[in-house]
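Structure first, then comments.
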Amino acid sequence: MRVLHLFSNSKWTGPAEPALNLCVALRTRGVQADFACAPGSESVINKVVETARDRGMEPILRFHLSKHRNPLWNALDRIALRAFLNTNTYDLIHCHLDNDHRIAAGIAARCGIPLVRSSYEGLGFPAGRGRRRLLQRAAAIIEPSRCALEHDAATFGIPPDRLHLVPGAVDTVRFDPRRETPDARRWLRLPTDAFVIGIVARMQPHRHYEDLFAAFRRLLDSAPQAHLVVVGRGSKQDRVGWRPVRELGIEKHVHFPGFIDGENYVGMLRAFDVGVFLVPGSDGTCRAAREIMAMGKPMVVASRGMLPEIVTHDENGLIFDGSAAALHDCLLRLMQDRARRMEMGRAARRTAETRYSLEMQSRSVLMIYEQVLRYPRR
């Protein structure tokens, strides 16, 4: 089976790594999954391209594949894609973002190639001009959550047999607590008895950091060994993070390592005792929550977006109502009951292995491909 994946961006956005990981995992199942993305600027390192090469895939760079609709470039891409498909045979085209879907939809139909679309919208696609027609032209849509699937079926009139629920995946080999990783606790100079709460999220006003800091301030009154690690950065980080932490007088217990990647990122997650996720951001599928779970850490998540579908309350984490008071109570409970916390952490790892692994995702996607090819749309 030959499948052409299109990714209309050159930036390392939320969907970039999941799209690349899926291609790599499909190749292990015998699918010739080719990956085409935007070439980007020659003066700037294209992390999508370089990461694809690092993972054994030479990306196809003959299209513009701009993130946003561009009448000229899209027209040129349609001409180039049609010529490419005339000399390269594919069974399916798999689109990951809106603009590559716009470019490919008509060409795929004229060439008689079924088109599959992945969604990274945890609550479903936002309504927009032309989106209903675009989505209805897909032979299959891969949804990241039950709420997204139900939303898109109702909003865009997509037949149920074209909607498929496949949870977002995480590389459980890379995110494995048994692997040796950099010691983030030593790097942050945390005390040996520190109870470490971690969050991975951009520092933006809508991410409810004020609730996290208020809950943590209260937790310190009864647990001076508690430390909070905020992984991420943002244009509002002074107003959202540094300033309120100073005003609350908790700067000695709150750490801002900024943006971290590679093995240092895995080591940072390993340093957590508990992970927190308050609200979905630009990645509506909340991938960081699954990565923390894969590292064997229980998650404390607010009942927002698709987070309640990722975490099972009182099994692999806790779900709270979004308030600072309820968050404090959850953190205090997990800090005080180490045995229960460790049990939840083991359950979180099992969940990642059995529900969120690349092996499970690629198997599900391959079954969708086979179904589409077996019963092509009329």
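Derivation of every value follows stated rules applied to the coordinates shown; laboratory data play no part. For clarity, every value in this text was computed on a predicted model and none was experimentally measured. Neighbour counts run over all protein chains shown; Cβ positions are idealised from the backbone, glycine included.
Near ASP100, once Lys and Arg are set to +1 and Asp and Glu to -1 for all other residues with Cβ below 12 Å from its Cβ, the sum equals +3. Each part reduced to its alpha carbon centroid, the stretch 206-222 and the stretch 248-313 end up 15 Å apart.
So how do 267-278, 10-21 stack up, highest first, on mean other-Cβ count within 10 Å? Mind showing how you got there, number by number?
Details: 267-278: 24.2, 10-21: 19.7.
In decreasing order of mean packing, 267-278, 10-21 become 267-278, 10-21.
Which one of SER323, PRO298, SER282 is farthest out on the positive end of the charge dipole of the stretch 276-335, using unit charges on Cβ (Lys, Arg +1; Asp, Glu -1) and the Cα centre as origin? Looking along the dipole axis, the top candidate is SER282. Take GLN336, project a point 7 Å from its Cα along the Cβ direction, then tell me which residues of the stretch 199-238 have their backbone nitrogen under 12 Å from it. Within reach of a label on GLN336: 222-223. Choose one of ASN74, PRO160, HIS255: the residue whose Cα lies farthest towards the positive end of the charge dipole of the chain (beta-carbon charges +1 Lys, Arg; -1 Asp, Glu; about the Cα centre). It is ASN74. Karplus-derived 3J(HN,Hα) values for the stretch 191-199, using 6.51 cos²θ - 1.76 cosθ + 1.60 with θ = phi - 60°, are x, 5, 9, 5, 9, 9, 9, x, 9 Hz; glycine and proline are entered as x. Among (1) 17.2; (2) 19.0; (3) 20.3, which one is mean projected area of the Cα convex hull in nm² computed from these coordinates? The calculated read-out lines up with (2). If you take every residue apart from LEU332 with its C-beta less than 12 Å away from the C-beta of LEU332, what net charge results, scoring Lys and Arg +1 and Asp and Glu -1? Residues close to LEU332 contribute a combined charge of 0.
Candidates LEU149, MET335, PRO59 compared by Cα position along the dipole of the chain: farthest toward the positive end lies PRO59, with charges placed on Cβ. Placing a label point 7 Å from the Cα of SER364 along the Cα-to-Cβ direction, the residues of the stretch 107-141 with a backbone N closer than 16 Å are 117-124, 140-141. To the nearest ten degrees, helix 358-374 and the longest principal axis of the Cα atoms of the chain are 20 degrees apart.
So what's the back-of-envelope 222 nm ellipticity for the chain, counting only DSSP H runs of four-plus at -39500 (n - 2.57) apiece and dividing by all residues, rounded to 500? Working shown, then result.
Numbers: 15 runs with 164 residues, N = 378.
One gets -13000 deg cm²/dmol as the mean residue ellipticity at 222 nm.
Ellipsoid fit via the Cα gyration tensor, the stretch 184-355: semi-axes of 21, 18, 17 Å, each the root of five times an eigenvalue, largest first.
On C-alpha positions alone, give me the angle between the axis of helix 338-355 and the longest principal axis of the chain, in degrees, nearest 10. Compared with the principal axis, the helix lies near 0 degrees.
Measuring against 27 Å, Cα to Cα, the residue pairs LYS67/LYS297; LYS67/LYS236; LYS47/LYS252; LYS252/LYS297; LYS47/LYS67 contain LYS67/LYS297; LYS47/LYS252 as the ones spanning a longer distance. Model label points for ARG53 and ALA75, set 7 angstrom from Cα along the Cα-to-Cβ axis, are 3.3 nm apart. For the stretch 232-266, chymotrypsin sites (Phe, Trp or Tyr not before Pro) are listed when DSSP marks them as loop and at most 11 other Cβ atoms sit within 10 Å of their Cβ; the list is PHE259. For the pair ASP321 and GLU353, label points projected 7 Å from Cα toward Cβ lie 3.7 nm apart. With the simple spin-label model, which puts each label point 7 Å out from Cα in the Cβ direction, the GLU343 to ARG186 separation comes to 3.4 nm. Spatially, the stretch 315-378 and the stretch 140-192 are offset by 8 Å when compared through their Cα centroids.
Mind checking the dipole of the stretch 184-355: about its Cα centre, +1 per Lys or Arg Cβ, -1 per Asp or Glu Cβ, Debye to the nearest 20?
On the way: 26 positive and 20 negative charges, 75 e Å.
So the magnitude is around 360 debye.
Rounded to the nearest 10 degrees, the angle from helix 209-222 to the longest Cα principal axis of the chain is 30 degrees. The simple Förster model, with R0 at 45 Å and r as the Cβ-Cβ distance, assigns VAL44 and GLN371 a FRET efficiency of 0.65.
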